[in-house]
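Presented below is the structure to which this report refers.
Computed from the coordinates by the stated procedures, all read-outs in this text should not be read as laboratory data. Remember, predicted model here, so these are calculated numbers, not experimental data. A quick note on method: Cβ atoms are made from the backbone with ideal geometry, for glycine too, and the neighbour counts reach across all protein chains shown.
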Amino acid sequence: MSKRHRGDRWWIFRPIVMGPLFVAVIAIFHTDLAVAADNRWRSPGPLRINDDVRRIWDSGLYGAETFKPFFWLDNSTLLIAANNGPKPKDMEGMRNRQTWLYLWSLGEKPRPIGADPRDAAMAYCAAQGQVSYYQNMAATPRTRWVGPPGQEKEAPPGNTPAAGAPKNGLNFIERVDCEQFSDPAMAGQIYLTDSERRYYLVLGGDLSNRVPDETIILMRADKSNKTFMPIYRDEGPRVQYRLFEKLFYVFDDALSDYPNRRHPKLMTPFQMWRENKCWPFWRISPETTKVERLCIPYGPWVGETRPPESSQALISLVPTKAGIFFAYTRRKGTSGLFRLRSGDVRHIAAGEIKDPVVSPDGCRVAFYYFPDERAPRLFSTDTSSLVVVDVCSAEP
């Protein structure tokens, strides 16, 4: 560098050292730049109808601190447990709230279900046009009611198996037996099944029977055609099965500041995401054993981490018939609902999206929605609402 260039550089920075007024001007200019950068990723605000969201339904019900699962009875009806009455205005109202079981047909007001809706909200599920719930929870034996809504009949209580049960998760079942199914031969293994229970996607042993660096295995329910997937268990500890496309999805739904032992530089997941420009997930066809590795690209909405500060994030993958959506939650990033299309990410709604569940036809997504992402952690009268969005219909 020439003396003149060195001098130029000195005179650029000299006022910063010697001139407080210039420092103030620079600070204001820097703030303006920060605001401009912020505006590029400004929250899109509340849910609204656009090219990504065709219709919106709000149940008018809100969730409690501990969220209960909800189920699609069919493509336009949900079975949900939520707080009855209006949203609480103070702590006293919070303490006096009750959780009831409701049946919600989209476009109508949710209605309580069961002789005692509060009792029914303790254990329930729905699938393929039938509901299942219990009454007399404090009595022995409890009574179980099963059938189409309004036509439920008393049935023998179900027996939840202690071992060999698939870890489908209540939110993703497609049968009304509420995970009653079990395979004794799979005891000690964590696995997922498809709706017809023809295939098992095996993540490996539970915490007491776990092998380091084990890969995920796809096989038939009769244990034949065992295929090792090119996915380590710790790369994709979360699995889903989507009925409308008959595919498994594998992904990692949690990020933290802890270094990843597989990375040679011991980078944190956030640093790896930024370096690789990819947060991977996999799509698996059990029929063909074909595996696709897909990516959520990195963007400013992810947020940065500056050691020694700690930060975590959650990702919920939401495959639909209209494409891939996902919910992202992070205090240091931009929380909300996003759409992934052709390698680009579009922010659809700001706030926190919790427990998204896709309808059987893959067109509607139900979730708890917090316009203020702090609401789940800090007391607020603006608590969650259970909403449904349609991502397929051409009608506004």
Arranged from highest to lowest average of other beta-carbon atoms within 10 Å per residue, in what order do the peptides 239-251, 272-284 appear? 239-251, 272-284
Dipole check, the stretch 83-141, charges on Cβ (K,R +1; D,E -1), about Cα centroid: among Met91, Tyr102, Asn136 the Cα furthest to the positive pole belongs to Met91
Could you sort the peptides 139-152, 114-127, 187-200 by per-residue average Cβ neighbour count (10 Å cutoff), highest mean leading? 114-127, 187-200, 139-152
Ranking request for peptides 229-235, 129-135: highest mean number of other beta-carbon atoms within 10 Å first, then the rest in descending order. 129-135, 229-235
